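Heads up: the structure comes next, in structure tokens.
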């Protein structure tokens, strides 16, 4: 359980890093316009973000049981899916309907704020942000952090 809270704290740090990266991306885009449109650069930036999340996962505690490595992000999943479900109930009433711009501004502030790294990844990779995509992306941080923790365990045994 300690790793779950630690993973949530690491995720919040990652969220702030993603916010900073997003601000830098938006600031540099007018200057390097065509460069920022390059698909390869966007994929590279997404991979850097995922590698950072993997690294944060490798910093979790090893004292816990290895059976729950991939469940370290369960709090992130519960909060993310809960926010998405609440927003769907308030706006579109469908997990498969794309929210309108007005709904995105008001009804989706919670999920877009908490799942900012996932929102930024969707932007980088040109993925539409349907509610089911955002709910699925809620699982991504925990799985990647769990993989980082599992990698650290195996590295320690070798």
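Observations on the model:
- Conditions (1) outside any helix (DSSP H, G or I); (2) in contact (Cβ under 8 Å) with a residue 40 or more places away in the chain; (3) under 19 Å from residue 120 (Cα atoms): number failed by residue 61: (3)
- Some residue of the stretch 87-96 being under 20 Å from residue 11 (Cβ atoms) and buried (at least 17 other Cβ atoms within 10 Å of the Cβ): yes
- Within the stretch 26-47, considering residues that are surrounded by 11 or more Cβ atoms within 10 Å (Cβ to Cβ) and free of Cβ contacts under 8 Å to residues at least 60 places away in the same chain, the one nearest to residue 139 (Cα to Cα): 47
- Selection of first residues in the stretch 3-17 that are without any contact (Cβ under 8 Å) to a residue 12 or more places away in the chain and at positive phi and of second residues that are assigned to a helix (DSSP H, G or I) and crowded, with 23+ Cβ neighbours inside 10 Å, restricted to Cβ pairs under 7 Å at least 6 apart or on distinct chains, gives an empty result.
- Members of the stretch 67-93 that are in contact (Cβ under 8 Å) with a residue 24 or more places away in the chain, farther than 15 Å from residue 7 by Cα and in a helix (DSSP H, G or I): 81, 83, 84, 85, 86, 87, 88
- Residue among 52, 112 that is surrounded by 13 or more Cβ atoms within 10 Å (Cβ to Cβ) and more than 26 Å from residue 153 (Cα to Cα): 112
- Any hit, the stretch 10-23, residues being surrounded by fewer than 16 Cβ atoms within 10 Å (Cβ to Cβ) and outside any helix (DSSP H, G or I): no
Quick note: the coordinates plus some simple rules give every number you see, no bench work behind them. Computed from a predicted structure; not experimentally measured. Here the Cβ is made from the backbone with ideal geometry for all residues, glycine too, and neighbour counts use every protein chain on show.
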